[in-house]
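Scroll down for the structure; my scribbles are underneath it.
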Amino acid sequence: MAEMWINMGPQHPMTHGLWNLRIKVDGETITDAEPVIGYLHRGWEKMVEDRRYPQIIPMADRLCYGSSFTWSHVYCMAAEDLMGVEVPERAKWIRAMSDELQRIGNHLMWLAAIGPDLGNLTIFLYAIREREAFLDLFQSLCGARMTYNYCRIGGVRNAAPPNWERDVLRTLDYFEKRLDEYEDLVDRNKVFRMRMEDLAPLPAKEAINLGFTGPTLRASGVKYDIRHNDPYEIYDQVDWHMCTADEGDTYARYRVRMDEMRMSVQIVRDILKKMPKDGPIRVKPPRTAPAGTGFARMEDPRGESLIYIASDGTDKPFRVKVRSPLFVILSGAKVLLKGYKVADVPSIMGMVDVCMGETDR
Amino acid sequence: MDLSAFPNAIAMSAKEFMEWSTNVMDDIVRATGVKRALDKTMDPLLNWGVRNSMYPLHFGIACCALEMAACSGPRFDNERLGLVFRSSPRQCDVLLVNGWVTVKLRPALRRLYEEMPEPKWVIAMGECAISGGPWYDSYNVVQGVDTFIPVDIYIPGCPPRPEALIDGFLKLHQKIKKSKIGTFMDD
């Protein structure tokens with residue numbers, strides 16, 4: 001049969017962002033795939049070379065709008081590494097707690113996005129509703145719904161508001177009950193499972209070779225999580241375990257993300273229990289950084305995010321490098337999609353949780 | 001073509017006949033006051049229908065796309081205003097530009113705009129779509145959508161809250177209400 005190229009994007013309901021997936025089809029079977037990115041490229045790495053260090057924090061928020069806190073967090077950690085700033089103990093706990101709340105919010109956005117793709121609009125409505133509860137928490141913490149500008153070099157901007165602990169626990173109790181409902185709704189849905197099970201299984205060796213990180217890698221049975229392997233902030237003092245699955249197929253990627261939401265709930269509860277209730281939350285960082293390099297990496301909801309800063313001794317960075325997890329995962333689209341049908345594309349590419357803001361930078 | 005003396009329909013091509021008959025009909029409709037009567041009934045009716053069933057294009061670009069998704073969620077529920085996000089530009093009459101437009105995206109967005117049927121409106125949502133926003137010194141971001149497509153409503157914010165998005169759509173309601181969208185013939 002004649003082979004042809006099909007463009008899925010840039011305006012396509014499957015893409016969840018702005019990119020173009022070109023697939024070569026032989027009838028219904030995909031024989032080749034090529035992601036075309038760059039529709040959101042705005043020269044982030046070049047632009048921040050003209051910003052002072054604190055001015056980069058809101059820009060880092062807009063790197064990935066789904067999980068903006070984690071990106072400003074990893075930037076602040078890199079800048080602290082460069083400047084040699086020691087973060088107060090309490091700020092570390094607040095940052096880790098915000099990370100986990102952000103992880104839940106981001107995974108809920110992912111769940112809302114894949115639901116309509118796989119023919120389940122109900123889960124979109126439910127997940128968006130629960131995401132609003134977490135956005136409300138962030139709003140009471142720092143005043144913004146999505147782009148927080150909350151992390152600071154040397155701490156966080158402000159302490160938690162009064163009744164913060166009560167609000168968080170109340171939201172988590174509510175959310176845990178809802179999470180059980182989702183699993184009933186999705187895991188027992190035969191259509192949903194038929195479209196996910198045994199789809200695009202990726203052996204652990206191949207996932208490592210492709211450079212995958214995050215839930216996509218852990219679904220292949222690799223025990224690799226930066227919170228565990230290279231603990232930053234306070235993750236070595238918190239009671240948690242890594243969520244993995246062995247099958248490596250699309251359903252396993254779904255399961256790992258759902259388990260991570262549950263685990264994040266447990267981590268936040270544990271943090272609230274162990275967190276110091278008073279103390280400084282911020283130290284003043286120097287205005288200019290010494291010449292040298294700073295480096296930080298952390299577990300983003302999508303994988304390993306990394307920022308590397310080179311400084312020449314002024315108040316602006318000389319070079320900033322961003323390592324985006326999705327940039328690497330999208331390059332494996334050909335491996336993931338080859339041999340499957342066109343109708344499988346939304347479930348395979350939806351499960352990697354595409355966010356183009358960080359990919360194109 | 002002067003056909004007033006002796007209009008010979010056989011000598012006319014189909015196109016000429018259409019033109020001639022339209023002119024005659026127009027004159028009659030205008031002279032007898034039928035046009036005014038039709039405008040008085042059709043304009044409010046069509047206007048009401050159009051402004052209460054605005055279908056924005058489901059086209060997520062950047063941060064504001066998440067607020068667009070939140071707006072179609074249960075809390076803000078934009079379907080009560082008749083806003084249903086459709087995936088094909090052929091079915092839409094509002095283009096919601098929610099994010100920065102890069103040089104690579106610009107031809108695609110222009111084409112999407114041209115694929116939409118008339119009447120159509122454009123909403124620039126967020127600072128990036130209005131004026132480039134935080135990417136004001138970027139080499140690859142177009143500084144405002146209105147540099148290449150006409151924009152009707154601007155919604156400031158980075159990103160705007162869903163309430164602001166709904167308010168922008170209500171402003172568009174008012175704009176459509178003022179326009180003579182359902183008039184029978186052009187004057």
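The values are calculated or read from the model by the stated rules, or taken from the named source; none is laboratory data. In this text the structure is predicted, and so the values were computed from the model without any measurement. Virtual Cβ from ideal backbone geometry, glycine too; neighbours counted across all protein chains shown.
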What number of residues within region A:139-188 satisfy the criterion of being closer than 22 Å to residue A:283 by Cα, within 14 Å of chain B (Cβ to nearest Cβ) and either touching a residue at least 40 places away in the same chain (Cβ under 8 Å) or of a type in the set (Phe, Trp, Tyr) (or both)?
-> 2
Give the residue, chosen from A:165, A:176, that is at pLDDT 85 or above and more than 23 Å from the chain's Cα centre (by Cα).
-> A:165
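Each row is one residue, and each column tells you yes or no for (1) at pLDDT below 85; (2) not in a helix (DSSP H, G or I).
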residue: A:13; (1), (2): yes, yes
residue: A:22; (1), (2): no, yes
residue: A:35; (1), (2): no, yes
residue: A:59; (1), (2): no, no
From the set of residues in region B:128-148 that are assigned to a loop (DSSP other than H, G, I, E, B) and buried (at least 18 other Cβ atoms within 10 Å of the Cβ), which is farthest from the other protein chains (Cβ to nearest Cβ)?
-> B:144
Tally the residues that are more than 21 Å from residue B:116 (Cα to Cα) and part of a helix (DSSP H, G or I), restricting the search to region B:36-72.
-> 17
In region A:1-11, how many are modelled with pLDDT of 80 or more and outside any strand (DSSP E or B)?
-> 3
Quick one: in region B:118-137, of everything that is free of Cβ contacts under 8 Å to residues at least 24 places away in the same chain and farther than 30 Å from residue B:181 by Cβ, which residue is farthest from the chain's Cα centre (by Cα)?
-> B:137
Collect the residues in region B:77-97 that are touching a residue at least 40 places away in the same chain (Cβ under 8 Å) and surrounded by 18 or more Cβ atoms within 10 Å (Cβ to Cβ), keeping them in residue-number order.
-> B:78, B:83, B:93, B:94, B:95, B:96, B:97
For region A:255-361, which fully contained strands (runs of 3 or more DSSP E) count at least 2 residues that are among the polar types (S, T, N, Q) and touching a residue at least 12 places away in the same chain (Cβ under 8 Å)?
-> A:303-311
Kindly indicate the residue of region A:252-284 that is over 30 Å from residue A:199 (Cβ atoms) and acidic (Asp, Glu) and also surrounded by the most Cβ atoms within 10 Å (Cβ to Cβ) among those meeting that condition.
-> A:270
Restricting region A:216-227 to residues that are of a type outside the set (D, E, K, R) and in contact with a Phe, Trp or Tyr (Cβ under 9 Å, 6 or more places away or on another chain), the residue that is farthest from residue A:337 (Cα to Cα) = A:226
Confirm whether residue A:101 is modelled with pLDDT of 90 or more, within 23 Å of residue A:75 (Cα to Cα), within 10 Å of chain B (Cβ to nearest Cβ) and in a helix (DSSP H, G or I).
-> no
What number of residues within region B:125-152 are over 30 Å from residue B:176 (Cβ atoms) and not hydrophobic (A, V, I, L, M, F, W, C)?
-> 6
Go through the residues of region B:86-94 one by one and say whether even a single one is under 19 Å from residue B:152 (Cα atoms) and part of a loop (DSSP other than H, G, I, E, B).
-> yes
